[in-house]
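Quick notes on the structure that follows.
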Amino acid sequence: MNAFFSIKDLTTEESQDLRACVTDTLGTIASAVRKEKFLPYMDRSFKLALDGLKTDSSRVRESVFCFFAGMADVLKEELNPALEQIVPALFETLAQEDIDFGDKITEEEAKALLNGESTDDMSDDDDESIALKVNSALQLEKEIAADALREIFVNVKSAFLPYLATATTYLVELAEAFYDGARKAALSALWRFVITLGELQVTEPWVPGLPVVSHPSCVPF
């Protein structure tokens with residue numbers, strides 16, 4: 001285990017995949033052995049993961065998001081103190097623009113192109129001359145970020161409520177992404193948001209019949 005943590009000293013671009021694999025492995029080990037057995041390595045694992053959020057490598061950030069998704073299941077509410085460091089990083093990824101149309105067309109024309117349309121001001125030659133750049137690595141990073149948000153809310157529950165509105169806004173936007181994996185992750189997360197919020201609101205077991213006996217409590221967010 002100690003050999004894993006020395007990976008933080010490797011800063012070359014070639015070492016980023018190795019660092020990502022190590023982070024993935026630590027999360028998998030924690031999920032397998034659970035909290036009590038992983039506790040001696042918890043602090044160093046968190047430091048390695050949090051440092052990974054500061055890198056420019058999508059691969060490393062993906063692995064960090066997977067790590068925290070797994071740790072949410074392992075730690076439950078004990079993950080709460082770290083949310084203020086984890087969740088903003090997830091939002092930062094979801095807020096990034098992953099399609100670049102350059103400076104040849106307007107935003108409205110860009111949307112038309114994505115929908116397979118063209119405008120009166122654009123000829124066929126214009127369509128072919130536009131360099132459409134798609135950051136596929138960022139799309140995958142967004143998919144993992146959506147999965148992580150889902151697992152965090154499901155496991156920490158009420159501590160996530162201050163972030164719920166912002167997370168929902170980002171996920172609704174991601175649900176319209178062109179990448180299937182990102183759309184699926186966003187819709188899955190939103191569905192789990194609904195279920196988890198319902199679990200928080202309903203504090204009494206349902207009693208069948210009329211008039212209604214139990215009412216959901218109001219959970220502010």
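Any read-out appearing in this document is the output of simple, stated calculations on the displayed coordinates, not a laboratory observation. Quantities reported herein were computed from a predicted structural model and do not represent experimental measurements. Glycine gets a Cβ as well: all are built from the backbone with ideal geometry, and neighbour counts include every protein chain shown.
Summing charges over all other residues whose Cβ lies under 12 Å from the Cβ of Ala186, with Lys and Arg as +1 and Asp and Glu as -1, gives 0. Couplings 3J(HN,Hα) for segment 188-195, derived from phi with the Karplus relation 6.51 cos²θ - 1.76 cosθ + 1.60 (θ = phi - 60°), are 4, 5, 4, 5, 5, 4, 4, 5 Hz, where x marks Gly and Pro. Were the residues from Ser6 through Ala165 laid out at 0.36 nm apart, the gain over their Cα-Cα distance would be 53.4 nm.
The order of Ser6, Ser57, going from fewest to most other C-beta atoms within 10 Å of their C-beta, is Ser6, Ser57. Amide H contacts under 5 Å for Asp98: none, restricted to partners 5 or more places along the chain or on a different chain, H placed in the peptide plane at 1.01 Å from N. Amide H contacts under 5 Å for Val202: Ser217, restricted to partners 5 or more places along the chain or on a different chain, H placed in the peptide plane at 1.01 Å from N.
Rounded if a/c is under 1.5, else prolate if a/b beats b/c, else oblate: with a ≥ b ≥ c from the C-alpha gyration tensor eigenvalues square-rooted, which is segment 1-42?
Judged from the Cα gyration tensor, segment 1-42 comes out prolate (a/c at least 1.5, a/b above b/c).
Here the Karplus relation 6.51 cos²θ - 1.76 cosθ + 1.60, evaluated at θ = phi - 60°, turns the backbone of segment 55-65 into coupling constants of 7, 9, 8, 4, 4, 5, 5, 4, 5, 5, 4 Hz, with x for every Gly and Pro.
Residue by residue, segment 23-35 carries 3J(HN,Hα) couplings of 4, 4, 5, 4, x, 5, 4, 4, 5, 7, 8, 6, 4 Hz when phi is fed to the Karplus relation 6.51 cos²θ - 1.76 cosθ + 1.60 (θ = phi - 60°); x denotes Gly or Pro.
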